[in-house]
Amino acid sequence: MDRNQIGKWLKNPGKMANKYSFHVVYFCTGCGIIEVPPSITTRWDAERFGIIPVATPRQANLFLITGYVSTKTLAAIIRTYEQMPEPKYTVAFGSCPINGGMYYDSYNTITSLDKYIPVDGYIAGCMPRPEAIFIGVTHLWKLIDMDKADGYKRYREDYVHYRANQEQILGELDWPPLFSKENL
Amino acid sequence: MRELKLYFGPQHLGMVGNFSITLQVEGDRIIKAESNPGYLHRGFEKLMEQRTWIQNFPLVCRINVVEPDHMELIYSMGVEKLAGIEVPERGKYIRSIFCEMARVASHLFGAWAYANMLGFDTVANWAMYHRDLLLDMFEELTGARVYHIYLRPGGVRRDFPDGFTDRLVKTLHKIGGKVPDYNATFFENRLFQKRAEGIGIVTRKEAMRMGAVGHTLKATGLKYDIRKIEPYAAYDHVDFNIPTRTGGDAYSRLLTIRDDMIESVHMIFKLIDKMPKTGEVYTKTPNPFKWKIPAGEAYVRCESARGELGLYMVSNGGTNPYRVHFNTPSFNNGLTVLEKALEGESISDVGNIMISLYVVAPEIDR
Amino acid sequence: MINELKQKLLANFNDVQVNIPEDNRMTVNTKKESLLSLVSYLKNMGYNHFAMLSCVDWIDDKEFELIYIISAYPQDDEHYQDKEKKNILLKTRISRVKAKFITIISIFENAEPYEREIHEMFGIHFEGHPRLTPLMLERDYKIPPFRKDFDTNKYVENTFGKVPSIKERKEGKK
């Protein structure tokens, strides 16, 4: 461990532990997933950054949205995201979730993801290389240090608006709201 | 016992890709399975009608993430057939070598998926590492790791760099040297054998009835391979075998995939030996912005790593295609064969059977 | 060999036009009534692999063209014959208004997902199909998306483009 960080660890152990143990949801939302297996295996070894994929969203705190999001997947993404315990971070991977990418005129993929769920960071490129994932993650560390990775807080605050946007695209949602007026 | 409806995927550890299956189960036994694709549908065939012939190349390779190269190949072959372009001899050889490299990389990815899903993590790590070595070769050749956009109508984008074939042979030898270890720890391991033998049996009669292609068919002993039946690129210049098994179960399918990979490596060596040392690698095509292809239709097919890949293309004489329709091997294997193969199996074998049928979700959805 | 098949088809069916544009490809244009019997005839001839079903929207003619591509599996384990090299493209045209056709599942089982896809993307109803439920799409499109009069740019603008960002929502934009 870095000696300089001992102070930080003593001051805010929860945040530091959270930061250095990203548990990624195992969900292949798009073609970007092709670069995740190389990065979690021996060649690039994401575990040195504390990244490890887990089976269920209930154990995870990082959601890598790997590539374009079709409307059918969007429903699955929202449900998965809502099941994750807080604090949770979302990183959109690839060009497509930013503005639609090369599928800007596709009738079945949404153009910008942050209208439906909060996104803490973007990794641009098609495909981003494994190094780009690591750079993205180290940037996310900095954001967490500065308390700027506040996507889950924004989701809680603006839940009404997010839900309205989700309903505008997906129609009537068949699951109850995550936050009702009482538990906000 | 009570019947339950179980949703398997898309967020599931045993599921490779964004795909889901609705299972009707009684206890642990599957009574009925229903594939539910569409999570990756982008409407490629519609988008391609709105882009010019050359602009479509970045799109086609994204249809199948695991092996984009055969998608480029089939689209180039379609355009060539419609426009009447010939590929120079050296270009043909380079295409074949490139596609065989893609096949090996794709099979290594398949080995990763299979081993990872069953918990053979050591083998999974090896397979992914070896695939990465091949991706380095792709990167040297084309500049990109995953989506290469290297093939084009009339040939390939550029010639091999100096000494590329030597480095490729060295890499392949490095991977091939590991095959005994793969066999000992994975393919011929008793643990794995017990897990994969006798599940998801598709007999030859059933496979032919359900229109199966690729390894599903080869594992029942039928040598259905477009490279032999209707040779394209440089496959008619080399001599190669089509590995088959007779079991028809998941284990035979995986062994067919392994043997196919080894055969591909040998084929690359043969192709490199036979390749003309110099010569053009592409035929000049007109200005892509003004390129109009005469009206007509074409049906071309090739053998991708997953089986017969077809493309039906119609041109109405304009700058864009009028209609493009890909017939991908996973479409058949994932929607017809998978549903039948899962019946009567246990829930724990769903991922096992699905990967052995070599289903890739984006190929189904397109 | 391919000419033999042409002669046989012309002798047995009176409303077919057979073309051989190149080696190993044969296009058969036929009326929609005789397509089913043509498909089962070819299957009995040994063309037992249904490769794909495609559809082209000829909007100027106000017609859909259905293309059934059929080839053959090798019969022998060791040797290939000429038969496997051939691809037969059966074509038939149906009206674009209230488009419907008959399913061929009883002849080729694997036509099922193809017909389902064509039903979803072009809105052609296949009579006798056991499950014409949506395959890939979940949204309702007024015009099936693969038809030529479906304008994707306009559609994207009107649906995904109309969704306000969260900031705009907060400011009261609907």
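Using 7 Å Cα-to-Cβ label points, what is the residue B:170/residue A:86 separation (nm, one decimal)?
5.5 nm
Which percent, to the nearest 5, of DSSP beta bridges fully inside the stretch C:2-158 are antiparallel?
70 percent
Which aspartates and glutamates have a Cα lying under 13 Å from the Cα of residue B:170, excluding residues fewer than 8 positions away in the same chain?
Residue B:170 reaches B:136.
Note down the nm distance, to one decimal, between modelled labels 7 Å out along Cα→Cβ at residue A:168 and at residue B:283.
With each label placed 7 Å out from Cα toward Cβ, I get 5.1 nm.
Bin all alpha-carbon pair distances of the stretch A:62-141 at 5 Å intervals from 0 and give each bin's fraction as a whole percent.
Final binned percentages: 3, 16, 28, 24, 18, 9, 2, 0.
In degrees from 0 to 90, rounded to the nearest 10, what is the angle of the helix B:89-118 Cα long axis to the longest principal axis of chain B?
So the inclination is approximately 20 degrees.
What percentages make up the Cα-Cα pair-distance distribution of chain B when the bins are 10 Å wide from 0?
In whole percents, the pair-distance histogram is 5, 24, 33, 24, 10, 2, 0, 0.
Rounded to a whole number, what is D in µm²/s for the protein assembly as shown from Stokes-Einstein with the Kirkwood radius over alpha-carbon pairs (20 °C, 1.002 mPa s)?
80 µm²/s
Can you compute the radius of gyration and Dmax for the stretch A:4-158, using only the Cα atoms, both in Å?
Calculated on Cα positions, Rg and Dmax stand at 15.2, 52 Å.
Return the percentage of antiparallel bridges among DSSP beta bridges fully within the protein assembly as shown, rounded to the nearest 5 %.
Approximately 70 percent, going by the DSSP bridge assignments.
Pairs A:15/A:142; A:15/A:148; B:46/C:62; A:115/C:148; C:43/C:91; A:115/C:162: which exceed 21 Å Cα-Cα?
A:115/C:148
In terms of the Cα gyration tensor, with a ≥ b ≥ c the square roots of its eigenvalues, is the stretch B:253-366 rounded because a/c is under 1.5, prolate because a/b exceeds b/c, or oblate?
Here the stretch B:253-366 falls in the oblate category.
Take the Cβ-Cβ distance between residue C:95 and residue B:86 as r, set R0 to 51 Å, and report the resulting FRET efficiency rounded to the nearest 0.05.
It comes out at approximately 0.80.
Taking N as the number of residues in the stretch C:83-174, what is its alpha-carbon radius of gyration divided by 2.2 N^0.38 Å?
Dividing the Cα Rg of the stretch C:83-174 by 2.2 N^0.38 Å gives 1.56.
Among the aspartates and glutamates, which fall within straight-line cross-link reach of residue C:6, defined as a Cα-Cα distance under 17 Å, with same-chain neighbours fewer than 8 residues apart omitted?
Correct list for residue C:6: C:15, C:22, C:23, C:82, C:84.
What does the convex hull of the alpha-carbon atoms of the stretch B:1-150 project to on average, in nm²?
11.6 nm²
State the dimensionless ratio Rg/Rh of the stretch C:2-158 (Rg: radius of gyration of Cα atoms; Rh: Kirkwood radius).
My calculation puts Rg/Rh at 1.02.
Once the Cβ-Cβ distance between residue C:158 and residue A:180 is put in as r, and R0 is 35 Å, what FRET efficiency do you end up with, to the nearest 0.05?
With a Förster radius of 35 Å, E is 0.65.
Let me have the relative contact order for chain B, percent, based on Cα pairs under 8 Å that are six or more residues apart.
Over chain B, the number comes to 27 percent.
Mind jotting down a quarter of the surface of the convex hull over the alpha carbons of the stretch B:114-240, in square nanometres, one decimal?
Spelled out: convex hull of the Cα atoms, projected over all directions, averaged, 10.6 nm².
Shape verdict for the stretch B:161-303, please, from the Cα gyration tensor: rounded (a/c under 1.5), prolate (a/b greater than b/c) or oblate.
Because a/c hits 1.5 or more and a/b fails to exceed b/c, the stretch B:161-303 counts as oblate.
For chain C, what is the calculated [θ] at 222 nm in deg cm²/dmol (nearest 500), taking -39500 (n - 2.57) for each run of four or more DSSP H residues and dividing by its residue count?
My calculation for chain C gives -7500 deg cm²/dmol from helical runs alone.
Cα axis of helix B:68-83 to longest principal axis of chain B: angle in degrees, 0 to 90, nearest 10?
Tilt relative to chain B: about 40 degrees.
Tell me the mean residue ellipticity at 222 nm calculated for chain B from its helices only (DSSP H runs of n ≥ 4, each -39500 (n - 2.57), averaged over every residue, nearest 500).
Computed ellipticity for chain B at 222 nm equals -13000 deg cm²/dmol.
Give me the distance in nm between label points sitting 7 Å out from Cα along the Cα-to-Cβ direction at residue A:153 and residue C:62, one decimal.
Result for the modelled spin labels: 6.3 nm.
Suppose we keep just the DSSP beta bridges with both residues in chain A; what percent of those would be antiparallel, to 5?
5 percent
Each reported figure results from applying straightforward, stated rules to the coordinates on display, with no laboratory input. On a predicted model such as this, the values are computed, not experimentally measured, just so you know. Glycine gets a Cβ as well: all are built from the backbone with ideal geometry, and neighbour counts include every protein chain shown.
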